[in-house]
Amino acid sequence: ADDFVLGVVGTLAEARDIKTQLAQFLRDELKLELSPEKTLVTHARSEVAHFLGYELHTLQANDYHDARGQRCINGQLGFRVPRSVIHKHRSKYMRQGKPIHLMQRVNDSLYSIVSQYQTELRGIVQYYRPAYNVHQLYHLKRVMEQSLAKTIAKKLKITRARVYKRFK
């Protein structure tokens with residue numbers, strides 16, 4: 001709850017001055033310190049700022065107009081799901097570029113397996129819901145669906161083998 005973003009419309013010098021004044025206020029009045037690694041000044045039009053797992057930047061689209069014929073999206077703040085986040089989550093369900101079964105879930109019930117996959121995907125999608133490119137999480141969904149299918153197939157093969165072993 002101590003993370004925040006401050007947007008400044010002004011020059012780089014003004015932004016750095018505000019950062020210095022803010023750091024002094026936090027240190028003197030609230031006895032808090034700003035982390036030098038995390039406290040960055042970026043130009044929102046040419047760079048992205050990383051904040052709580054999102055990429056923040058200003059949107060620019062000269063061809064997008066409202067009902068009055070005016071450009072309406074330029075300068076708006078955009079939240080984007082970083083590709084690295086999608087890749088990181090997908091890699092949990094993949095090996096050598098292909099979806100795999102999760103052996104640690106094979107001994108759970110079918111309901112539990114499906115429920116775990118659903119809960120994980122729902123949590124990620126809900127967290128990134130404000131992002132304008134949340135549709136990119138489809139790639140994660142697809143990999144998770146294939147991993148789920150392989151996990152269930154593996155479970156049923158093991159179950160079937162145990163049943164056959166008992167009757168022999």
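The values are calculated or read from the model by the stated rules, or taken from the named source; none is laboratory data. Remember, predicted model here, so these are calculated numbers, not experimental data. We place every Cβ from the backbone using ideal geometry, glycine too, and count neighbours over all the protein chains shown. Each accessible area value is taken on the protein alone, full model and side chains, heavy atoms only, with ligands, DNA and RNA left out. Shrake-Rupley method; radii C 1.70, N 1.55, O 1.52, S 1.80 Å.
Observations on the structure shown:
- Unmet requirement for L52, which otherwise passes all of (1) under 30 Å from E120 (Cα atoms); (2) surrounded by 11 or more Cβ atoms within 10 Å (Cβ to Cβ); (3) in contact (Cβ under 8 Å) with a residue 12 or more places away in the chain; (4) out of contact with any strand residue (DSSP E or B) (no Cβ under 8 Å at 6 or more places or on another chain): (2)
- Subset of region 55-67 that is open to solvent by 40 Å² or more (accessible area, probe 1.4 Å) and of a type in the set (S, T, N, Q) - its residue that is nearest to I124 (Cα to Cα): Q60
- Condition met for R83 (within 28 Å of Y128 (Cβ to Cβ), open to solvent by 50 Å² or more (accessible area, probe 1.4 Å) and under 19 Å from the mean Cα position of the chain (by Cα)): yes
- Restricting attention to region 124-151, the residues that are open to solvent by less than 40 Å² (accessible area, probe 1.4 Å) and part of a helix (DSSP H, G or I) add up to 8.
- Each residue in region 27-49 was checked for being hydrophobic (A, V, I, L, M, F, W, C), at pLDDT below 80 and exposed (fewer than 13 other Cβ atoms within 10 Å of the Cβ), and 0 pass.
- Residue satisfying condition, being among the acidic types (D, E) and within 17 Å of D3 (Cβ to Cβ), within set E47, E29, E33: E33
- For region 15-26, residues that are closer than 21 Å to L77 by Cα and either small (G, A, S) or open to solvent by less than 90 Å² (accessible area, probe 1.4 Å) (or both) total 3.
- If you go through region 102-114 and keep only what is open to solvent by 40 Å² or more (accessible area, probe 1.4 Å) and in a helix (DSSP H, G or I), you end up with M103, Q104, L110, Y111, V114.
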